[in-house]
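The values are calculated or read from the model by the stated rules, or taken from the named source; none is laboratory data. All of these numbers come straight from a predicted model, not from anything done at the bench. Note: ideal-geometry Cβ built from the backbone for every residue, glycine included; neighbour counts use all protein chains shown.
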Amino acid sequence: MRLAIAALSILASCGGPPPAPPVKADPPKIVQFYASPNPVPRGSPAQLCWGTEGAEALRLSPPVEEVKPSLARCIEVTPAATAQYTLFARGKSGDEVSATATLAVGPAEAGGRKQTGAKMIQLFTAPVFARAGEKFTVCYGVQGAASVEFQPKLASLPMSDRLCFTASIDKTTTVKLLARDASGRSESETITIKVN
């Protein structure tokens, strides 16, 4: 009898505590997905931008180029007509989420971009949401400008058809891109970046 009880005690202690249930990874999040400028004249480029959290892989439909997970990243697109883009994000758990952005395409600009009085700011993109103190990407492009500045000053940057840089802010901020030509004519665009 003692032998049977000892054998039961050994068998009972070998099992140990029940295994903990597996921890399921949080699903991925698409925190932003947008096109800018929007609308865009036919034949002119726009930026398609996204930000994701917890994503392992991304795919874009229709495909434009390879897309990778990032808090803030943009690619250039030049659709011939109004286009709808869908971004799919897959997380470690295998869960997939999606977001859609529509880029409206209007008539082509008359007479080309480089004529006197033509639009100087060709591109200005930044995320509409950011985390306090974390880096995000800002892209801009100007043509026919003699100077360019950001208000508040995010960086000292040259004139460029297309240039991207990283910045960070601590509170919700309206960022203004100001371009001036040699005659003193100025043009500006603003984007409000909300800090969450």
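In region 170-194, how many are touching a Phe, Trp or Tyr at 6+ places or on another chain (Cβ under 8 Å) and either of a type outside the set (D, E) or not assigned by TED's automatic domain parsing to the domain that holds T137 (or both)? Talk me through it step by step, then tell me what you get.
Here is the first cut: in region 170-194, the ones touching a Phe, Trp or Tyr at 6+ places or on another chain (Cβ under 8 Å) are 175-178, 189, 191, 193-194.
Imposing the further condition that a residue be either of a type outside the set (D, E) or not assigned by TED's automatic domain parsing to the domain that holds T137 (or both) reduces the set to 175-178, 191, 193-194.
Of the residues in that region, 7 qualify.
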Exercise. State which residue is nearest to the chain's Cα centre (by Cα) when the search covers only region 42-77 and only residues that are part of a strand (DSSP E or B) and small (G, A, S).
Key: G51
Self-check item: Checking R131 against (1) under 15 Å from G51 (Cα atoms); (2) of a type in the set (D, E, K, R); (3) surrounded by fewer than 14 Cβ atoms within 10 Å (Cβ to Cβ), the condition it does not meet
Solution: (3)
Self-check item: Selection within region 119-150 - part of a loop (DSSP other than H, G, I, E, B), over 27 Å from P69 (Cβ atoms) and at pLDDT below 85
Solution: K119
Quiz item: So which residues in region 173-196 are part of a loop (DSSP other than H, G, I, E, B) and either of a type in the set (K, R) or modelled with pLDDT of 90 or more (or both)?
Solution: R185
Quiz item: Could you list, in sequence order, the residues of region 151-172 that are modelled with pLDDT of 90 or more and crowded, with 17+ Cβ neighbours inside 10 Å?
Solution: I169
